[in-house]
């Protein structure tokens, strides 16, 4: 199979995953899955997102994951994000391409900088004035790492922002790490 054929197959599967259907599959919560993937718990009120994801999966799928959220930022932007991928596609991907973005999150000072930028503190000077973030030079070092990895974007006037398309993925990474 060519790369283009593979890409077309993956896009088609994702479209089925993310596009609601007029004819959803019958409620099979708790029933044994035909493919070995777990079914969502029968409590669809509590697990509404999981139930909705499961209803959109191809029958031959082993499962999928999603990032979804709606967040208002301190500077008034609306971060509404939904992204999903089939488990098999993620397992087949080259994970090393995520190393730089994940490594940038691996320092406590960088996480704190991202948190403060989301709260509205956006300049290196203001960030350096916060307790425990180090000198202005150290803050600039961390800012460069975060900008390089795509978690921050420099704006005019020395300000920084978390790109709107990264707000929900960032918050879900923090949420996932809490477990």
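The values are calculated or read from the model by the stated rules, or taken from the named source; none is laboratory data. No experiment lies behind these values; they were computed from the predicted model shown. Here Cβ is always computed from backbone atoms with ideal geometry, including for glycine, and neighbour counts include all displayed protein chains.
Summary table
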| quantity | calculated |
| --- | --- |
| Filter pass, residue 174 being in contact (Cβ under 8 Å) with a residue 60 or more places away in the chain, assigned to a helix (DSSP H, G or I) and surrounded by 12 or more Cβ atoms within 10 Å (Cβ to Cβ) | yes |
| Residues that are over 23 Å from residue 121 (Cβ atoms) and either in contact with a strand residue (DSSP E or B) (Cβ under 8 Å, 6 or more places away or on another chain) or crowded, with 17+ Cβ neighbours inside 10 Å (or both), drawn from the range 74-88 | 80, 82, 83, 84, 85, 86, 87 |
| All positions within the range 46-66 that are under 26 Å from residue 164 (Cβ atoms) and surrounded by fewer than 16 Cβ atoms within 10 Å (Cβ to Cβ) | 48, 49, 52, 65 |
| Residue 124, sole failed condition from (1) surrounded by 15 or more Cβ atoms within 10 Å (Cβ to Cβ); (2) touching a residue at least 40 places away in the same chain (Cβ under 8 Å) | (2) |
| Residue among 164, 139, 168 that is at pLDDT 95 or above, surrounded by 12 or more Cβ atoms within 10 Å (Cβ to Cβ) and more than 17 Å from the chain's Cα centre (by Cα) | 139 |
| Failed item in (1) at pLDDT below 95; (2) in contact with a helix residue (DSSP H, G or I) (Cβ under 7 Å, 6 or more places away or on another chain); (3) in a loop (DSSP other than H, G, I, E, B), with residue 81 passing the rest | (3) |
| Among (1) closer than 28 Å to residue 146 by Cβ; (2) touching a residue at least 12 places away in the same chain (Cβ under 8 Å) - the single one residue 60 does not satisfy | (1) |
| Enumeration of residues in the range 98-152 that are over 21 Å from residue 73 (Cα atoms) and part of a loop (DSSP other than H, G, I, E, B) | 106, 107, 129, 131, 132, 133, 134, 135 |
